[in-house]
Every structure is written in structure tokens, then in C-alpha cells.
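Participant: So that we are looking at the same thing, I have put the structure below in C-alpha cells.
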Amino acid sequence: MNPEGGPGGGLRQPSKRRLPAATSGMASPHQLFDDTSSSASGLGRGYAAQQPPAAGSFLAEPVSSFAMAYGTTLASQGKEIVDRNIDRFIPVTKLKYYFAVDTVYVGKKLGLLLFPFMHQDWQVRYQQDTPVAPRFDINAPDLYIPVMAFITYVLVAGLALGTQNRFSPDILGLQASSALAWLIVEVLAILLSLYLVTVNTDLTTIDLVAFSGYKYVGMIVGIVSGLLFGKTGYYLLLSWCCLSIFVFMIRTLRLKILSEAAAEGVLVRGAKNQLRMYLTMAIAALQPLFMYWLTFHLVR
């Protein structure tokens with residue numbers, strides 16, 4: 001028997017039909033699910049690129065814009081209220097005048113504080129009944145030098161305490177607070193004395209703070225000289241600075257307190273003018289006393 005089922009044979013095996021090869025775009029007939037990984041990844045990339053913003057972002061932009069506009073409105077209103085009422089408590093306009101200085105003025109003023117003996121013209125210049133800014137007149141009082149000198153004094157005092165192994169934040173804070181307290185007491189005492197003597201002067205409280213704060217320049221010189229040259233250098237340079245500040249205060253304040261006599265060019269005799277002269281000398285004499293009191297314990 002012909003096993004291949006020839007014409008004379010028995011059973012005939014069915015012929016095998018070749019199926020066409022599946023193309024890359026067609027799925028296998030035995031595959032239960034379509035493979036969508038490649039297409040899904042492509043779609044995912046497109047979806048990630050074109051993903052719409054979340055719902056919160058739609059709310060965030062209007063809320064932030066509203067908050068910014070509201071904050072700007074509040075800030076402008078607050079600035080207007082502060083500008084209207086700040087002069088009641090802090091004379092900002094006047095303070096700007098006392099800080100209107102430059103480098104040339106500071107250098108000349110420091111020289112005048114340390115060497116006032118050769119200076120001749122002590123009159124403050126005016127322009128339309130208003131004193132000119134300090135940077136245009138060396139005789140005008142300022143607050144820049146007193147404030148910087150006070151801060152420098154505290155730093156130099158800390159340095160002096162550190163060289164003696166006595167430094168601590170509490171001691172430095174006590175040194176600064178005591179110096180500030182004595183300055184306040186001094187200014188209040190001068191104001192009370194001017195009121196009791198009934199002096200008609202254009203001196204303001206800020207002027208007195210400025211004049212009283214100039215002594216810190218001499219105090220710094222004394223402490224630094226004590227650190228460099230010992231007690232001998234301290235006493236020598238502090239004595240010079242005390243004499244300089246005494247002369248400076250006498251020649252400056254006599255034009256303010258003795259304004260009537262200065263306007264006439266001679267010292268008018270009388271009980272009231274004698275009191276004014278004594279008051280001027282007392283204010284000037286206070287400066288060396290405070291300079292020594294606030295510095296002698298820092299030099300050993």
C-alpha cells in the first residue's frame with residue numbers, strides 16, 4: 001500500500017495549507033488580546049505633552065492675583081496712614097536734615113572736634129530762615145557722627161574688655177545701656193535747666209542730643225590710646241580730647257544760649273545773662289566728666 005495515498009492507495013491525508021505570514025500590523029490568530037504597548041507608549045507621551053492643567057491650577061491663578069492686588073492695596077493704604085501720622089511721633093523730616101552729610105563734612109567735623117582752637121567762624125549759616133544742611137556747613141549739628149561714634153564706642157569697649165579677659169555679652173550690654181542712659185539724663189537735665197533759666201533759644205532736643213553725642217569721639221580716642229600705650233597714653237590723649245570738647249561746646253553753645261548778647265556783639269551784663277553764661281559753662285564741663293566716667297574702667 002502506498003502510504004502517500006497515491007492513485008491506487010487507501011486513505012488520503014488532508015493537504016497542509018500554508019497560512020500567510022502575519023504582518024507587523026496584524027495580530028496573531030492565537031493571541032487573546034491585542035498588543036497595544038507600543039501604541040500606548042506613544043499615546044502616553046502625547047498625553048503627557050498635551051495633558052491639560054489640573055483643576056487646582058485654574059483656581060490658583062485667580063486666587064493669587066486677587067491676593068496680590070489686595071496686598072498691594074493694603075500696602076498703599078498703610079503707607080498713606082504712616083506718612084500722615086509718623087511726624088506726630090518721629091520727626092522724620094527733621095531727622096533727614098541731621099543725616100545729610102558727606103565724607104568731606106565728616107572729615108572736617110572730626111578735625112574740628114579734636115582741634116577746635118584755630119577755628120574762627122562758629123556761626124551757623126541760614127538760607128531763607130532755615131539752616132543749611134550739615135554737608136554745606138561745618139558748624140551745623142548732625143546725628144551721623146554721634147550715632148556712629150556711640151556704636152564704635154561700644155565695639156571698642158568690648159575689645160578692651162576682651163583684652164582683659166573680662167568680656168561677656170551681659171557686661172557689654174550693660175556698658176551700652178549705661179552710656180545711653182547717661183546721655184538721656186544729660187539731655188533731660190539740660191532741657192530742664194534751659195526751662196528754669198527761661199532761655200529763648202532755637203536749640204532743639206535733637207540739637208542737644210547731637211552736641212552731647214560728640215564726646216564719644218574723644219572717648220574712642222582715649223580708649224584706643226589706652227589699649228596701645230597703656231594708662232599714660234590714655235590720660236594724655238583723653239585730657240586733650242576733654243579740653244577740645246570743652247572749647248568746642250563753649251564756642252558753639254554760647255551762640256545759642258547767649259543769642260541776645262551774641263547778636264549785639266558784646267556780653268550784656270545782668271543776672272539773667274550771668275545765669276546763661278554759667279549754664280553754658282556747666283554744659284561744657286559735663287562733657288569731660290562723662291568722658292572719664294564712661295572710660296576709666298576700660299583701661300588697666
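Rule-based calculations on the coordinates, nothing more; no lab input. Computed from a predicted model, the values in this text were never measured in an experiment. Positions of Cβ are generated from backbone atoms using ideal geometry, with glycine treated the same way; all protein chains shown enter the neighbour counts.
Participant: Sort 221-230, 102-111 for me by packing, meaning the mean count of neighbouring Cβ atoms within 10 Å per residue, highest on top. Each step should come with its number before you reach the end.
Facilitator: Numbers: 221-230: 19.0, 102-111: 13.7.
The peptides rank, most packed first, as 221-230, 102-111.
Participant: What is the extension gain from Lys79 to Leu174, computed as 0.36 nm multiplied by their sequence separation minus the C-alpha to C-alpha distance, in nm to one decimal?
Facilitator: Values: separation 95, 0.36 × 95 = 34.20 nm, distance 3.64 nm.
Working it through step by step, the gained length comes to 30.6 nm.
Participant: With θ set to phi - 60° and the Karplus curve 6.51 cos²θ - 1.76 cosθ + 1.60, what are the ³J(HN,Hα) couplings of the stretch 125-135 in order, to the nearest whole Hz, using x for Gly and Pro?
Facilitator: Along the stretch 125-135, the couplings run 7, 10, 9, 6, 6, 10, x, 5, 5, x, 5 Hz.
Participant: I need the Debye-formula profile for the stretch 104-173: one equal scatterer per C-alpha, no solvent, reported as log10 I(q)/I(0) at q = 0.19, 0.21, 0.23, 0.27 1/Å, two decimals.
Facilitator: So the normalised log intensities work out to -0.81, -0.89, -0.99, -1.18.
Participant: Quick one: grab Rg to one decimal and Dmax as a whole number for the stretch 129-249, Cα atoms only, in Å.
Facilitator: Using the Cα atoms of the stretch 129-249, the pair Rg, Dmax is 16.5, 54 Å.
Participant: Too long at a 24 Å Cα-Cα cut-off: which of Lys108/Lys256; Lys94/Lys256; Lys109/Lys256; Lys96/Lys272?
Facilitator: Lys96/Lys272
Participant: Let me ask you something else. Please compute the modelled spin-label separation between Val197 and Val147, points set 7 Å along Cα→Cβ, answer in nm with one decimal.
Facilitator: In this crude label model, Val147 to Val197 measures out at 2.9 nm.
Participant: Over the stretch 173-251, what is the relative contact order in whole percent, taking alpha-carbon pairs under 8 Å and six or more residues apart? Let's see the in-between values first.
Facilitator: Values: 37 pairs, mean separation 18.1, N = 79.
Once divided by the residue count of the stretch 173-251, the mean separation gives 23 percent.
Participant: Measuring from the lowest to the highest alpha carbon on each principal axis, how far does the stretch 142-183 reach, largest first, in angstroms?
Facilitator: 36, 18, 12
Participant: Pull up the cross-link candidates among the lysines for Lys231, meaning alpha carbon to alpha carbon under 26 Å and not fewer than 8 places away within one chain.
Facilitator: Lys215
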